[in-house]
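Read through the structure below, which is laid out as structure tokens, and then see the notes.
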Amino acid sequence: MDLKKWIALIVVTLLVFAAYNRNRLYVRDPLGSITRNGAKEPGAQVFINFSNDALLENDNSPAYILLVQHNNHAGSPIEMHCLHWLLCMTNADAATFLQPPPSIAIEEMTGKSIHFIDSDKRETIVTLH
């Protein structure tokens, strides 16, 4: 087999893998942003999947990872594999959480933004692009 056939086989394999795991793969949204109580959060990264669920990550202090899925499903996933600043993959379509943070109330989820009140009673707006 020549090199072009190997590359084509690898590309097709990756496409099939991505299509099969489309609700488990979260790709970084470089234009996405997180605003808490009207102030943009520095260092925050937004990852989205096929269903526009959002994985929020901040490496700055205080560091956190928060997964916000449709139907008021939010928390920190038990198992997650990441290629830093590129993509992450959870353990299931509806991820299993360590312990859901108390009182996260998702108010609105659309294809462009997510509005929720976090456990510290801060209004949080995640803008997706």
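Kirkwood Rh over alpha-carbon pairs of segment 36-129, then Stokes-Einstein at 4 °C and 1.567 mPa s: what D in µm² s⁻¹, rounded to an integer?
96 µm²/s
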Using Cα springs under 10 Å in a Gaussian network model of the chain, which residue among I34, I65, I114 shows the largest mean-square fluctuation? I65
Under a crude label model (7 Å from the Cα following the beta-carbon direction), how far is A63 from L3 in nanometres? 3.9 nm
For the chain, calculated [θ]222 nm from helices alone, where every DSSP H run of n ≥ 4 adds -39500 (n - 2.57): -4500 deg cm²/dmol
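So if I place +1 on the C-beta of Lys and Arg and -1 on the C-beta of Asp and Glu, and nothing else carries charge, what would the dipole magnitude of the chain be about its Cα centre? I want it in debye, nearest 20. Let's see the in-between values first.
Details: 10 positive and 13 negative charges, 75 e Å.
About 360 debye.
Over the chain, what relative contact order in percent results from Cα pairs under 8 Å that are six or more residues apart? Intermediate values should be presented prior to the final figure.
Working: 233 pairs, mean separation 28.5, N = 129.
Rounded, it is 22 percent for the chain.
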Inter-label distance for D93 and R122, nm, one decimal - labels placed 7 Å from Cα along Cα-to-Cβ: 3.3 nm
Heavy-atom accessible area per residue of the chain, all protein chains kept, 1.4 Å probe, expressed in Å², is 61 Å²
Identify which of M89, M80, M109 has the largest mean-square fluctuation in a Gaussian network model of the chain, with springs joining Cα atoms closer than 10 Å. M80
Which one of S76, S119, S61 has the biggest mean-square fluctuation once the chain is modelled by GNM with Cα springs under 10 Å? S61
For G75, the net charge from surrounding residues (Cβ-Cβ under 13 Å; K, R +1; D, E -1) works out to -3
Output for segment 1-47: trypsin sites (Lys or Arg not before Pro) sitting in coil per DSSP, at most 15 other Cβ within 10 Å, listed by number, reads R22
The answer for Y64, listing residues at least 5 apart or on another chain whose modeled amide H is closer than 5 Å to its amide H, is N58
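The values are calculated or read from the model by the stated rules, or taken from the named source; none is laboratory data. On a predicted model such as this, the values are computed, not experimentally measured, just so you know. Neighbour counts are summed over all protein chains in view; Cβ atoms, including those assigned to glycine, are modelled from backbone coordinates with ideal geometry. Only protein heavy atoms, including side chains, enter the accessible area calculation; ligands, DNA and RNA are left aside. Shrake-Rupley method; radii C 1.70, N 1.55, O 1.52, S 1.80 Å.
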